[in-house]
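Below is one structure, written out as structure tokens; comments come after it.
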Amino acid sequence: MRRFHPAPAARARLVCLPHAGGSASFFFPLAKALAPAIEVLAVQYPGRQDRRHEPPVGSIPALADDILDALRHLDDRPLALFGHSMGAITGYEVALRMADAGLPAPVHLFASGRRAPSRYRDESVHQVSDDRLVAELRTLGGSDAAMLEDPELLEMILPAIRGDYRAVETYRHDPGRRLDCPITVFTGDADPRVSLDEARAWTRHTTGPTDLRVLPGGHFFLVEQAVPMIRTIAEKLADGALIGP
């Protein structure tokens with residue numbers, strides 16, 4: 001867990017889970033914007049940045065297990081989960097594990113840029129050549145263009161990225177499980193990886209309410225649409241919303 005802006009008096013914590021190839025630092029602006037009312041913790045997946053010497057992600061379930069272990073002691077205030085793309089699926093699996101472990105349920109799941117766990121596509125990016133993998137990253141955006149032009153840097157980061165893609169592309173949900181918490185789904189209106197129908201299907205994965213927010217942009221719409229997203233997160237985690245009816 002990375003805590004960029006400690007907020008000891010925060011009313012809630014928001015645990016953020018990155019996209020495939022992403023790192024904890026992606027959420028630095030979000031942490032700054034929400035502090036001090038909400039404390040943001042960002043998960044650093046293995047295989048990148050200060051964890052670059054560790055083996056990459058093996059599977060979504062294994063990653064969710066590890067994250068759950070890191071969350072067990074964070075029970076002194078309400079906790080919500082935010083995940084983008086692969087992070088949304090990981091957040092869903094973490095929330096299921098919290099229930100299994102007898103921990104307080106997350107007060108909210110924010111699922112961004114990802115189709116519902118039950119909606120699959122025939123994807124095998126993790127099996128393509130390095131050149132095609134880099135082309136995929138360019139297509140989706142969200143990666144530093146200069147980084148994608150640096151052969152030495154690519155040699156360092158591609159194993160982790162490929163591991164992330166393998167984990168999310170081989171993931172299959174348990175159709176007998178559902179969450180109980182509210183879910184807010186963010187999606188870009190021009191995202192080539194998520195249709196509106198695939199985004200709406202998140203309603204099938206919780207007994208709680210689901211709110212769909214469609215914003216302008218492609219797969220990384222959240223970069224340009226940070227302001228409305230931050231406003232929505234703050235509203236959903238306001239004191240009244242946390243207390244409930």
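The values are calculated or read from the model by the stated rules, or taken from the named source; none is laboratory data. Note that the coordinates shown come from a computational prediction; the quantities given were computed from them, not determined experimentally. So basically every Cβ, Gly included, is an ideal-geometry build from the backbone, and we count neighbours across all protein chains shown. What goes into the accessible areas is simple: the full protein's heavy atoms, side chains included, and nothing from ligands, DNA or RNA. Shrake-Rupley method; radii C 1.70, N 1.55, O 1.52, S 1.80 Å.
Quick notes
- Taking only protein heavy atoms and a 1.4 Å probe, the accessible area of the chain is 52% carbon and sulfur.
- Amide H to amide H, with H built 1.01 Å from N, G208 comes under 5 Å of C181, counting only residues 5 or more places away or on other chains.
- Simple rule: put +1 on each Lys or Arg Cβ and -1 on each Asp or Glu Cβ in the chain, find the dipole, and look at L133, G163, G208; the Cα lying farthest toward the positive end is G208.
- Karplus-derived 3J(HN,Hα) values for the stretch 44-57, using 6.51 cos²θ - 1.76 cosθ + 1.60 with θ = phi - 60°, are 9, 5, x, x, 9, 6, 6, 10, 5, 8, 8, x, x, 4 Hz; glycine and proline are entered as x.
- Candidate values (i) 17.4; (ii) 19.1; (iii) 18.1, label of the one derived for Kirkwood radius over Cα pairs in Å: (iii)
- Where only alpha carbons of the stretch 164-245 are counted, the Rg and the Dmax (Å): 14.4, 42
- Rounded accessible area per residue of the chain, 1.4 Å, Å²: 45 Å²
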